[in-house]
Structure formats: structure tokens, C-alpha cells
1. Just the residues that are outside any loop (DSSP other than H, G, I, E, B) and either within 12 Å of chain B (Cβ to nearest Cβ) or in contact with a helix residue (DSSP H, G or I) (Cβ under 7 Å, 6 or more places away or on another chain) (or both), please, taken from the range A:120-141.
2. So residue B:153 ticks every box in (1) touching a Leu at 6+ places or on another chain (Cβ under 9 Å); (2) free of Cβ contacts under 8 Å to residues at least 40 places away in the same chain but one. Which box is left unticked?
3. Looking for whichever is out of contact with any helix residue (DSSP H, G or I) (no Cβ under 8 Å at 6 or more places or on another chain) and modelled with pLDDT of 95 or more here; the options are B:48, B:33, B:42, B:79. Which one fits?
4. Going through the range A:1-42 one residue at a time, which ones are hydrophobic (A, V, I, L, M, F, W, C) and at pLDDT 85 or above?
5. Which residues, taken from the range B:84-106, are of a type outside the set (Asp, Glu) and surrounded by fewer than 21 Cβ atoms within 10 Å (Cβ to Cβ)?
6. Residues of the range A:43-69 being closer than 15 Å to residue A:9 by Cβ, at pLDDT 90 or above and out of contact with any Ser or Thr (no Cβ under 6 Å at 6 or more places or on another chain), which ones?
7. Which pairs turn up if I take residues in the range A:94-108 that are without any contact (Cβ under 8 Å) to a residue 12 or more places away in the chain and look for partners that are part of a helix (DSSP H, G or I) with beta carbon separation below 7 Å, at least 6 apart in sequence or on another chain?
8. In the range B:159-184, which residues are away from every other protein chain (no Cβ under 11 Å), hydrophobic (A, V, I, L, M, F, W, C) and closer than 16 Å to residue B:117 by Cα?
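The values are calculated or read from the model by the stated rules, or taken from the named source; none is laboratory data. Because the structure is a prediction, the values reported are computed rather than measured. Heads up, the Cβs are rebuilt from the backbone with ideal geometry, glycines too, and the neighbour counts pull from every protein chain shown.
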Amino acid sequence: MLSTRVIPCLDVHNGRTVKGINFLDLVDTGDPIEQAKIYNNLGADEICFLDISATLEQRKTIYNVVSKVAEHCFIPLTVGGGVNSNLDFDILLKSGADKVSINSAAVKDPSLIKKASDKFGSQCVVLAIDAYKDKNSSSGYSVSVHGGKKKTGIDALKWAVKGVEYGAGEILLTSMNSDGTKSGYDIKLTKLISESVSVPIIASGGAGKPLDMVSVVLQGKASAVLAASIFHFGICTIEEVKKEMKKNGINVRKTW
Amino acid sequence: MILLILDYGSGNIKSVYNSIKQVLKDNNLNYKIIVSNNISNINKSDYIILPGVGSFGNCMENLSNKPGLLDNLEEFVFIKKKPFLGICVGMQLIAEYGLENGKTNGLGWIEGRVKHLDIQGNLSKEKLKIPHMGWNNLKVNYKNKLFDKVNEQDQFYFLHSYFFEVENIRNILASSYYGMSFPSVVCKENIIGVQFHPEKSGNSGQKVLINWLNNY
């Protein structure tokens, strides 16, 4: 049986890890390489890096981070943030990333998804969607870009379907309304997208306790759950999350 | 000993390199790892790993495009009978042909063909996502040293939309289940293929890699 993946996410800024509340107030929590090794040992099924550096120059630090982590952690690594060309995909994959996520640049130019999946295979193209509640949108959700700072009004459901048609192999779906709140994932959003596309959905934004993971898998039909704060700040461990999931009948990779 | 990771333009070469390097270090094996598609390197190797990410057709084309590469690889496998390990698409290429984006002939080392996972509609019926992505178990069909210290708890990382439909069940060392049972480890004498990514399967993957190096 396939296990539901538990994925800690490291937000990296200029080569250091941060976790912001609603993507704004940045708090430094340390060295991404050491953190990744710790998560690997603690049973992470995959590790996600999101580079939120502002400039191209600062962004180069992520290559070194990915390359160092890949030397020690033999689990899948997903890297995103500021990706806007096949060259970015190429450098990140060569640094040791297994999957690369693309967000704002794909909204601006959807053909980037197709170019990347044609060249590198859709298995390594993750479409990251930052969705916010929007009454004017037919699905009730729209897509924001630039770390949630810019609302586009583009329907999130239509965008997800289109992204998969263009070759995305997975969707990393973040609820901007839930992100940083620790009040649970947006189950309605996750279910809506998951039931409309054939590829796996990673639910993100809002995890506050292990039961939140259970709900978004059982009700939201997520294939994987991603969280940052609750793991970084020790609110719960990956093992506690997996045990809660297992208790509720969800298949997990036993790492304890 | 020389271990060659065949570099034919497929992705994830570095992951395989990193993982093998760690396995060798952990087991105090002083092997040399070469990442290359140079024919002279094929001829002096003791082990060859064929990684594979991407489509069957692309990978096969890249392998065939290098003059002499396939001849030398077949000499390594069939005349010298040295250990060969195919990973993911590298495993699928062992088949007679693949049906990803049209029919492409494979290496034909193990009888069978590569088909889409949802060929019988089982996955859609159960609303299972494609690709099959994530950690899954192995059901061992035949005892093999490859599975030394591998137990039921061990899971392996899979990422694929196609599977190797193997003709002869004797060539299927282990199977996995996703909407249907499919071969996850295939074997014919010195030829081994794994559908999962041992280089991305944490300790479980490291165990399979060292077992391969120690026993083949």
C-alpha cells in the first residue's frame, strides 16, 4: 500500500531558514542543512525547500544548500522559490533536487510548465498554487503570486486543471487564508482541487496539530501533508503526526 | 573495484552517486565510482548502474545514440556476466519494448513490455492518483540475497506512471501494489532491475544497494 507522505518544509532566506506567520514576520530558526538532516532522521518522507530570497544573487545560496543536503539525505527533495526558466530547473536538479516547484512565473507564462515537463519529465515538475478565498471566483478560490502579496483573480481550480494539462506532475496547494494560523488545513479547497485533477496534491497551510493532517487526508483527499511551524517549533513531531494518521487508518511509512 | 553509473543524459545521476558513495563509506568498501558514458569505462567496470528518469523513448534514444555503447553494455552483461542494476526507467529499458508515447524497442534482456499503470482502468476506478508517487512496500516472491535484512516495515520510494509487465513470473523477485500488483524488482541471473529509487529510499534503499554490491 502507498503511504501518505509527511513533508516538513523549510523556508530559506539567504541560505538560512525562516518561518513567517502569513508570510510576513520573519523569524530566523537556523541552518537548513542541519535541519534537513534532523528531519531526515526523524522520519520525514520528503523535504521541501522554499527559497524566499528576494534577489537572484541571494538565491544562488540555495544551490549550495540543496547540494549539501543531497549528500546526506537520501529521501526526495523538492525545491522551489523564484523558479522562472528551464535553466533554473536544470541547476536545481543538478544540485540534487528531485522535484522543482514553480509558482508565480508559471501563472505569468503557463508554457513554462510545458517546457519544463517536456525537457525534464512531469515527475519533477511541481506546480505550487497559493490560493485565497475569493467570492468573485467560480470555484470560490483564486490564485495569488509573489508569496501571496499579489492577488491575480485567476480561478484556482481552473488554474490547477490547466497546470496539469500543461504537464505538472504534482500540485503543492497552499491555502493563504490558513497559512500560519495553525487552525487546520483548508479541507474544502484541498478536496475541490484533488477531486478535479489526476495528479497527487500536497496539502499546505494551517497545520496546527496531528489531527489536522488526518482530516485533510481523509476528507480533503490529500496525497501528502506539508507543514513548517509545528515541526520547527516542536509543537509536535513527524512521528506523532504519523502515529495519529496510522491510528485513523491512514497508511504511513513507519520510521519509529 | 570500479562501479560505473552510466551517464546518458538522464536526470538524478547525482542522487545515485551520493547514495552509492555513502553506502561504500558505511561499509568500508574502497570502490571507485565513475559517472560516465565513455565506452572504455564500460569495459573496465565491475558493476554498472543504469539510472533512469524521464520517458522510455527518450532514455532509449539517448542510449542508442552513443555509438558502440549498447554493444559494450551487452558484452558486459552477457559475455562478462558482471552485475548490472537498472533503476526506475533504467529497469524498464530491460524490457522488449515500451508503450510510453508510442512503441519503442527496449534492450530486450528480460521478456515483457512496459505499459501504463492504468491500462486496465483499476487506478481510475479506485480514484488513485497517477503517477504512483511515494513510499510503498515490497512483497517478496523469491528469497534473494538482495533482500537481506529487508523486512516488512521497509518501504521504498516510487515515482512512475508506467510498469514493467514481465512475461515470466520467475523473473519477478518482488511485487508492489497500487491499484494492481506490478513487478518492483526483476532479476535474470546478473541482471537486476528495481522500479523504485533505492537512492531516495533512505535506510531501506541503502540496504538493497549494499546487498547488491555484496552479493552480485
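1. A:120, A:122, A:123, A:124, A:125, A:126, A:127, A:129, A:131, A:141
2. The single condition residue B:153 does not satisfy is (1).
3. Being out of contact with any helix residue (DSSP H, G or I) (no Cβ under 8 Å at 6 or more places or on another chain) and modelled with pLDDT of 95 or more holds for just one of B:48, B:33, B:42, B:79, which is B:79.
4. A:1, A:2, A:6, A:7, A:9, A:10, A:12, A:33, A:36, A:38, A:42
5. Selection gives B:97, B:99, B:101, B:102, B:103, B:104, B:105.
6. Correct list: A:44, A:45, A:46, A:47, A:49, A:50, A:51, A:62, A:65, A:69.
7. Qualifying pairs under 7 Å: A:94/B:14.
8. Once the filter is applied, which keeps residues that are away from every other protein chain (no Cβ under 11 Å), hydrophobic (A, V, I, L, M, F, W, C) and closer than 16 Å to residue B:117 by Cα, the range B:159-184 yields B:163, B:164, B:166, B:180, B:182.
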